[in-house]
Amino acid sequence: MLDVNLDSVVKVFWSLEEVPQVKVQTPEEKLFEDVFIETHTRNEEGRYVVQLPFREKPPELNESYCGALRRFVYLENRLIKNPALYEQYSSFMRDYCDSGHMSLISSDAEPEEVYYIPQHCVLKPKTSSTKLSLVFNASAKTSEVGLIDRPCTKRNVLSELARVYDPLGFLTPLTLLAKCLMSDAWRLGLAWDEPLPLSLSEKWSRYKDELQFVSTFSAE
């Protein structure tokens, strides 16, 4: 007498009756696979090297110069009020150029042909290693598109909200705004990976942009 779980028997039965699902590649997926097959090699160190696959019609980035300049002027005004921080920032940028991580470019390029990344500095005086670091905001919007855009979904909003470390509750007025936004998304019955409506995604973008200025505040 065989002791077979009924669930297992039914599962096997239905799997035999089902028509096999064949995953059909999109033209873009096929292109990416071809790029990998045709270009991957192994170098003398034993590492695999492959050519980066680029989209044939990538989303277009619009004008980004004005936003980056506005953020830089704000940063410059902040640094002028703090000469010590100004000197650290200037030294950091000089080291960046000397190390070859950054170089001056011509200002003749058309605004739509380049992407100007807004940036700000973060000072951590209690850190034993790097006290001053530079943060490049590559997700800053140019119209509806950012350089490293992630879909604005409930999952991504909750993931980024969870990264706000505030054990003493000083940022409660700010985190409350994000929690209200999440509450609105829940009331709409949206799935975890379903894009938020434009009104909510715009609120979230503004919230992220304004949250970066928290590092400029200090408690005496």
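What follows is calculated from the coordinates using simple rules that are stated; it is not laboratory data. Just so it is clear, the structure is predicted and the values come from calculations on it, not from any experiment. Counting neighbours? That spans all protein chains shown, and the Cβs are built from the backbone with ideal geometry, glycine included.
Approximating the spin labels as points 7 Å out from Cα along Cα→Cβ, the residue 190-to-residue 75 distance works out to 3.0 nm. Fully extending the segment from residue 42 to residue 133, taken as 0.36 nm per residue of separation minus the present Cα-Cα distance, adds 29.3 nm.
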